[in-house]
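Step one of this worksheet: look at the structure below.
The values are calculated or read from the model by the stated rules, or taken from the named source; none is laboratory data. Because the structure is a prediction, the values reported are computed rather than measured. For neighbour counting, all protein chains shown are included, and Cβ atoms are generated from backbone atoms with ideal geometry for every residue, glycine included.
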Amino acid sequence: MRAARRRWTAFALWWALLACCLPAWAQGVTASLDRQRIAQDETVTLTIDADISAVTSGMPDLNGVLRDFNLVGQTVEQDLRSVGGGLSMILRIKLVLRPMRSGEIDIPPLRIGRVLTPPLHLTVTPPRAAPPDPAQAAAPAAPEASGEPVFIRTKLDTTAPYVQQTVGYTMWLYYELGTLLEGRLDQDPPDGASLQKVGDDRESVVQIGRRNYNVVERRFLLIPERAGRVTVPAPRFLGRISGGFGGAFGSIFGGEDTRVRGPSAELAVKPIPAGAPQPWLPFDGLQLRYVAAPRSARVGETALVTVQAVVDGAVAAQLPELALRADGDAQVFPESAQTAEDFVDGRPQATMTRRFAVLPTRTGTLHIRASRITWWDATAGVSRIAVLPDIVLPVAAAAAPDGGAAAVGPTTDTVADDDGGDVPLWRRWMPDNVWTLALLPLGALWLISMAWGWRLWSNRHRPARRDGAGRTGAPAAAQPDPRMLATALARGDRAAIERVLCGLAPARDLDGVRARLADPAQRAAVEALQRARWGDGDPAAAMAAMRAAFAQGPRWWPRPSRRPPSLLPPLYPER
């Protein structure tokens, strides 16, 4: 029986450990794209990181991905990391994908072992213009011959910017597949402008003619500081490529050193126009919009308004402040602005989003106005004003104190794309994560196993039941021999006399013994023995009375008499 209980306990602990480990397995795989927006003739790298313990079936199934992409290349790496005080082996899978169509493409989850990667989304724009022929990408010092294994291409999003206008500068390093062993790409800052690298390098694979090239894309922000001509120095590459034996033996024989220079660029920087608006904000484009706006309001309840500005040709530090004001009796509480930066079509783009809480204090009509932004259109060379239409809200009276007129949920109806009001209550309660749903039965099984283990443990350590006489439910001890009473009386051993009488009665103490005795002389002798025990009588006389009364042995009632429970403690408590 004990062996069976141990097996059940071990089984319960195993299920508890399994329930604790499964969430870690579900979180042991991540997937990401190096870019969220590419052209159709470009490639994107899908990187999958998985704990080696979660991978049981090798490479993931790519059937769902290959419907919209061509697999250009793949690599598998291993990395040893320290996680939670221990070591974990991470398997990194890189898939180089080229889209087969333009538009919005969803990458479905990929199964790796016991888990799925998260779904991903990619925006694919139409193909760009064909890249220049390598023969045309000549450096000023030494023109390249057509078909060189390594060359550099650069691009400025404008060559005639204004002072303090942000210019996007992109550099591409092309090298033939399997030829580059190692290298370094450098770009010196221009004189009269600041140059700042943006983000990490991006890698892709393109086909030029009949050759496949790896492409390293590096992006910069260039801000002119003075008017006039500004020269952007030519980028430089210093590295080693595989020699005449090809990529397989190039690293053994050391390869060939190669030096490549890219084309330089010229900027004709224009001064700030006379009469230009201040502060000076030279942008290529600016769009304002309401992300969420209320349709009604109530006194004492906040109405939420969210404003967003998307600026083309600027970074987050150059964005103007978004403000909101309300006419009439209302207070406006702005939250901190949220900014994001991106690089779109070779040009920086910044987005600022800010939410405002408007609190009306009286009924009537409330006018909410967003601040106007005056900026300079660098493309057209004119001053422009960005403004949003006013928001006019009817303000109702405050809700009744009893809550009869109070609305449940948000106090405003927003223009945001949130249609969760029609979702049933049970669906709102259910979590969106499929792994949470899968772990619910395991959690229930874990609770059942813990309850079963507690029952086994409690049964093992539960005290034995007691019977009506106060003894345990274990097998009762053998009843003492009546002749032992005569021996104890002869020796005058009061403890032995009490023990034998309690065993013959049976009773818990001498009070119970007296209740079971039928002979009045024996009851009186036991009472005298009790008084002598507590110093209220003569011990010798009490022992002589016991020997005389119990000379023929004790005489008991046919059945034990039941005494009513006493509310007072016993007169002669037991020591």
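A few comments on the model shown:
- Residue in segment 131-149 that is part of a strand (DSSP E or B), over 24 Å from Lys270 (Cβ atoms) and either of a type outside the set (Val, Ile, Thr) or modelled with pLDDT under 85 (or both) present: no
- Residue among Arg226, Arg128, Arg153 that is of a type in the set (D, E, K, R), over 37 Å from the mean Cα position of the chain (by Cα), at pLDDT 90 or above and in a loop (DSSP other than H, G, I, E, B): Arg226
- Enumeration of residues in segment 264-300 that are of a type in the set (D, E, K, R) and surrounded by fewer than 19 Cβ atoms within 10 Å (Cβ to Cβ): Glu266, Lys270, Arg289, Arg295
- Test: residue in segment 87-94 that is assigned to a loop (DSSP other than H, G, I, E, B), under 30 Å from Glu148 (Cα atoms) and modelled with pLDDT of 80 or more: no
- Candidate set from segment 147-169 (those that are under 21 Å from Asn212 (Cβ atoms) and among the β-branched types (Val, Ile, Thr)); member that is surrounded by the most Cβ atoms within 10 Å (Cβ to Cβ): Ile152
- Yes/no for Ala317 being part of a helix (DSSP H, G or I) and either of a type in the set (Asp, Glu) or within 32 Å of the chain's Cα centre (by Cα) (or both): yes
- Taking segment 258-291 as the range and being among the basic types (Lys, Arg) and under 22 Å from Val230 (Cβ atoms) as the test, the residues that pass are Arg261, Lys270.
- Of the set (1) over 39 Å from the mean Cα position of the chain (by Cα); (2) in contact (Cβ under 8 Å) with a residue 40 or more places away in the chain, all apply to Phe220 but (1).
- Hey, Arg236 modelled with pLDDT of 90 or more, closer than 30 Å to Gln165 by Cβ and either of a type in the set (Phe, Trp, Tyr) or surrounded by fewer than 19 Cβ atoms within 10 Å (Cβ to Cβ) (or both) or not: yes
- Gln207 in contact with a Phe, Trp or Tyr (Cβ under 8 Å, 6 or more places away or on another chain), at pLDDT below 85 and in a strand (DSSP E or B): yes
- Any chance Asp493 is acidic (Asp, Glu), surrounded by fewer than 19 Cβ atoms within 10 Å (Cβ to Cβ) and over 18 Å from Pro539 (Cα atoms): no
- Selection within segment 165-184 - modelled with pLDDT of 90 or more and more than 22 Å from Ala39 (Cβ to Cβ): Gln165, Thr166
- Matching residues, segment 156-172, being more than 17 Å from Asp342 (Cα to Cα) and either within 37 Å of the chain's Cα centre (by Cα) or among the small types (Gly, Ala, Ser) (or both): Ala160, Trp172
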